[in-house]
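Report on the following structure.
None of the figures in this text is laboratory data; all of them are computed from the coordinates on show. Everything numeric in this text was worked out from a predicted model, so none of it was measured. As a convention, Cβ positions derive from the backbone with ideal geometry for all residues, glycine included, and neighbour counts pool all protein chains shown.
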Amino acid sequence: MAKYYQPEIETASQEQIRAWQNERLVEQVKHVWNDVPYYRKKMEEKGVTPDDIKSVDDLYKLPFLTKDDLREAYPYGLMGKPASECVRIQSTSGTTGKRVVAFYTQHDVDLWEDCCARAIVAVGGTKDDVCHVAYGYGLFTGGAGLHGGSHKVGCLTLPMSSGNTDRQLQFMTDLGSTIICCTPSYAAYLAESIYEKGIRDQIKLKAGIFGAEAWSEEMRRDIEEKLGIRAYDIYGLTEISGPGVSFECEAQMGMHINEDHFIAEIIDPDTGEVLPEGEKGELVFTCITKEAFPLIRYRTRDICVLSRKPCPCGRTHVKMSKPMGRSDDMLIIRGVNVFPSQIETVLIEQGYPANYQIIVDRVNNSDTFEVMVEMSPENFSDSLKKITEMEKSLVGALKAMLGIAAKVKLVAPKTIARSEGKAVRVIDKRKI
Amino acid sequence: MNIYQISVFLENRAGQLSEITKLLADNGINLRAISIAETSDYGVLRMIADDAERASSILLEQGNIISMTPVSVVAVPDRPAGLSEVLSIIAEAGIDIEYMYSLFTHADDKAYMVFRVDGEEKLSSAIKAHDMEMATKEEIGLK
Ligand SMILES: [Zn+2]
């Protein structure tokens, strides 16, 4: 059984990886300088030209890109190729301003799918496997990425998409799915349903690739035990490509970053300074092979640690820990990115005070999401029917803005807890 | 001459109702009627106070969310089928009742019902056309 999808790359020496990175970075910087006026302007403002970038050691000289840049440049400002050269877009949930739209050339799609194929092979996937992809299909990168990776490995691919659990279970039993790809919370839900239906002995699953949201070791053990599989983490973000930027191997101790495509740095989120290996800080990625959406020094806002300690699996690429938090206020709820400011916008539009509180918890391995909203004089009336209608309209507007449903709880004014005069906007009770 | 009802937003929190009634009692406000409509998460307390203007400013001062609504108070003949007669008059006039509740105040030969309808004028004319009466502020002890 093949252990690696691209052995010569995945087990290359550190020197070889560095050599690829040096060469590709130099080329990539020239590419963005010539083809991405938005980034060129940033470089000029910082007084950097492509001549200053001779190797990865010079990476720190380049300006960062953030989600604010993506917003400002939306939709075409950070493209490195004309639309006629692109074959695909993928996007995150969320409305304009928060939504990320990324472009791909055929080459970009190929390399992204290679990354996902590496992840599938790393969990033991071969052409004899039946790969059940229960990530959402469509704009979301989850379905598309693993689907493409599964094709590359040669698995029999089941493009299930998310939802309709009964159908998922039927295909799983009838077609003998052996690898499942979905969010960890959906995996936990499936495990629960399988247990309830008493069909565990009809399930042939051996491994799962679970990403797009944070999950704990406890949850991993729970899923592994209930499904009788090994559960692996996968990491990625639409800005950088999608799932497969890094993936877990059999060691289940951190995720190998595909360093032939992405250079990872850890920085101090406050000063922007690069931190030495092993220190905890914000993860920053530079795409060195992407053509259509070549982000340089993109700040992920994920806080984690990198490690170059040798891995028992034989892969030589640097490993990142599970993200331990965020350097901004973004929440990931049921796999969807939620910014408190989006909720604020909706509240103001709907005539409620911007004094709110978000309460997130995890019950039975699924995220609960409640927004406490203060009643306003404008929205109050003697009619319960009218208040309920206003509430429904608020719930609808939140769903439209965020892409996921929130439970709204209307409360009396000034009842939302404040600490030291500052309102506490988010209470995250999830233990991850 | 309008009679105003005060509505107060209630969270589903133990003690909030008694806090409000105590606040009003401490300020010498007398309640003539009270009714609550609720969902599992929140409710609306509706009341008729003897001094609506003062009661509302006291409630507002304490940070309550309130709303004032003109309502119709009908003097219902205190005899069998009295209420049913009133309701048929309203129905025949084609007026929709959003909600109704009764006053604590009672006279020898009549009881008083608060009606929240769309079209108070119409209701008042219909009632009077059937030789029945709308309550006056004085007879139910309102200022
Ligand atoms: Zn490894």
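Cross-link list A:Lys42/A:Lys81; A:Lys386/B:Lys128; A:Lys226/A:Lys399; A:Lys3/A:Lys280: which exceed 24 angstrom alpha carbon to alpha carbon?
Over 24 Å apart, Cα to Cα: A:Lys386/B:Lys128; A:Lys226/A:Lys399; A:Lys3/A:Lys280.
Using only the Cα atoms of the range A:334-432, each taken as one equal point scatterer with no solvent, compute I(q) by the Debye sum, divide by I(0), and report log10 of the ratio at q = 0.15, 0.23, 0.24 Å⁻¹.
After summing over all Cα pairs, the log10 values are -0.60, -1.29, -1.37.
Hey, got a sec? Which trypsin sites (Lys or Arg not before Pro) in the range A:1-103 land in a DSSP loop and have at most 13 other Cβ atoms within 10 Å?
Answer by residue number: A:Lys54.
Dipole of chain A, Cα-centred, from +1 at each Lys and Arg C-beta and -1 at each Asp and Glu C-beta, to the nearest 20 debye?
800
If we count every other residue with Cβ under 15 angstrom of B:Ser125's Cβ, Lys/Arg +1 and Asp/Glu -1, where does the sum land?
-4
Under 5 Å between amide hydrogens, which residues at least 5 positions from A:Leu158 or on another chain qualify, with H placed 1.01 Å from N in the peptide plane?
Residues meeting the amide H criterion: A:Cys131, A:His132, A:Val133.
Within a 10 angstrom radius of each residue's Cβ in A:372-378, how many Cβ atoms of other chains show up on average? Whole number is fine.
3
For the range A:1-328, calculate the relative contact order in percent as a whole number, restricting contacts to Cα pairs under 8 Å that are 6 or more residues apart.
Taking the mean separation of contacting Cα pairs over the length of the range A:1-328, I get 18 percent.
Per Stokes-Einstein, at 37 °C and 0.692 mPa s, what whole-number D in µm² s⁻¹ belongs to the range A:94-153, with the Kirkwood radius over Cα pairs as the hydrodynamic radius?
Stokes-Einstein gives a translational diffusion coefficient of 264 µm²/s.
May I ask for the distance between the Cα centers of the range A:384-414 and the range B:30-89, given as a whole number of Å?
A separation of 26 Å, based on Cα centres.
Can you grab the distance from the C-alpha centre of the range A:1-15 to the C-alpha centre of the range A:182-233, Å, no decimals?
If you average the Cα positions of each part, the centres end up 28 Å apart.
As an exercise, identify the GluC sites (Glu not before Pro) in the range A:254-336 lying in DSSP coil whose Cβ has no more than 16 other Cβ atoms within 10 Å.
Those that pass, being in a loop and sparsely packed, are A:Glu273, A:Glu277, A:Glu279.
If you filter the range B:57-143 for GluC sites (Glu not before Pro), then keep DSSP loop positions with at most 16 other Cβ within 10 Å, what is left?
Listed in order of number, the matching sites are B:Glu138, B:Glu139.
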